[in-house]
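Engineer: Got a structure here, written out as structure tokens. Questions coming.
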């Protein structure tokens, strides 16, 4: 006689899983921090691009000299001077979405979203794929832990 008690117990645990709970667990603090890092460091600072891959442009010759004297990157616009804009980024996760926001006036005379567009916030397709893989990995880990408890 075959006994299926262990499988029945696992099946019952699966039925009780909450999709939204695992979504929130998969988007933990490290995931939110990685979203910010990819957006600010990878896209804006390293490449000088927004979320749709558009180039933010070049600094004026005078700004290039100033940034060079400060020891800052000057080969393309980074939107990082003192770092207040980068430091202001927050990621909010709810049951339906991941939302990014930042203070675009903290470090500059004119709102950055007005000058460079709202697409400064958000991930490129390449970084979005990385994020999806990270969330899927976290999701599967959390589901497995819950089932095997």
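The values are calculated or read from the model by the stated rules, or taken from the named source; none is laboratory data. Everything numeric here is computed off the predicted structure, so don't read it as measured data. Methodologically, a virtual Cβ is constructed for each residue, glycine included, from the backbone with ideal geometry; neighbour enumeration extends over all protein chains shown.
Engineer: Scan the stretch 103-149 for residues that are in contact with a strand residue (DSSP E or B) (Cβ under 9 Å, 6 or more places away or on another chain), in a helix (DSSP H, G or I) and closer than 17 Å to residue 48 by Cβ and report the count.
Structural biologist: Final tally of qualifying residues: 0.
Engineer: Can you tell me which of 79, 69, 112 is buried (at least 16 other Cβ atoms within 10 Å of the Cβ), more than 16 Å from the chain's Cα centre (by Cα) and free of Cβ contacts under 8 Å to residues at least 40 places away in the same chain?
Structural biologist: Within the list 79, 69, 112, the selection yields 112.
Engineer: Check residue 100 against each of (1) within 27 Å of residue 25 (Cβ to Cβ); (2) part of a loop (DSSP other than H, G, I, E, B); (3) touching a strand residue (DSSP E or B) at 6+ places or on another chain (Cβ under 8 Å) and name the one condition it does not meet.
Structural biologist: If we test residue 100 against (1) within 27 Å of residue 25 (Cβ to Cβ); (2) part of a loop (DSSP other than H, G, I, E, B); (3) touching a strand residue (DSSP E or B) at 6+ places or on another chain (Cβ under 8 Å), just (2) comes out false.
Engineer: Here is a follow-up. Check the stretch 83-98 and report whether any residue there is modelled with pLDDT of 90 or more, surrounded by fewer than 14 Cβ atoms within 10 Å (Cβ to Cβ) and farther than 30 Å from residue 22 by Cβ. Give the derivation first.
Structural biologist: Taking the stretch 83-98 first, the residues modelled with pLDDT of 90 or more are 83-93, 98.
Adding the requirement that they be surrounded by fewer than 14 Cβ atoms within 10 Å (Cβ to Cβ) leaves 83, 90, 92.
Now drop any that are not farther than 30 Å from residue 22 by Cβ, which leaves 83.
Scanning the stretch 83-98, I find at least one residue that is modelled with pLDDT of 90 or more, surrounded by fewer than 14 Cβ atoms within 10 Å (Cβ to Cβ) and farther than 30 Å from residue 22 by Cβ, so the answer is yes.
Engineer: For the list (1) touching a helix residue (DSSP H, G or I) at 6+ places or on another chain (Cβ under 7 Å); (2) surrounded by fewer than 17 Cβ atoms within 10 Å (Cβ to Cβ); (3) at pLDDT 95 or above, I need the number of the one condition that residue 56 fails.
Structural biologist: Result: residue 56 fails condition (2) only.
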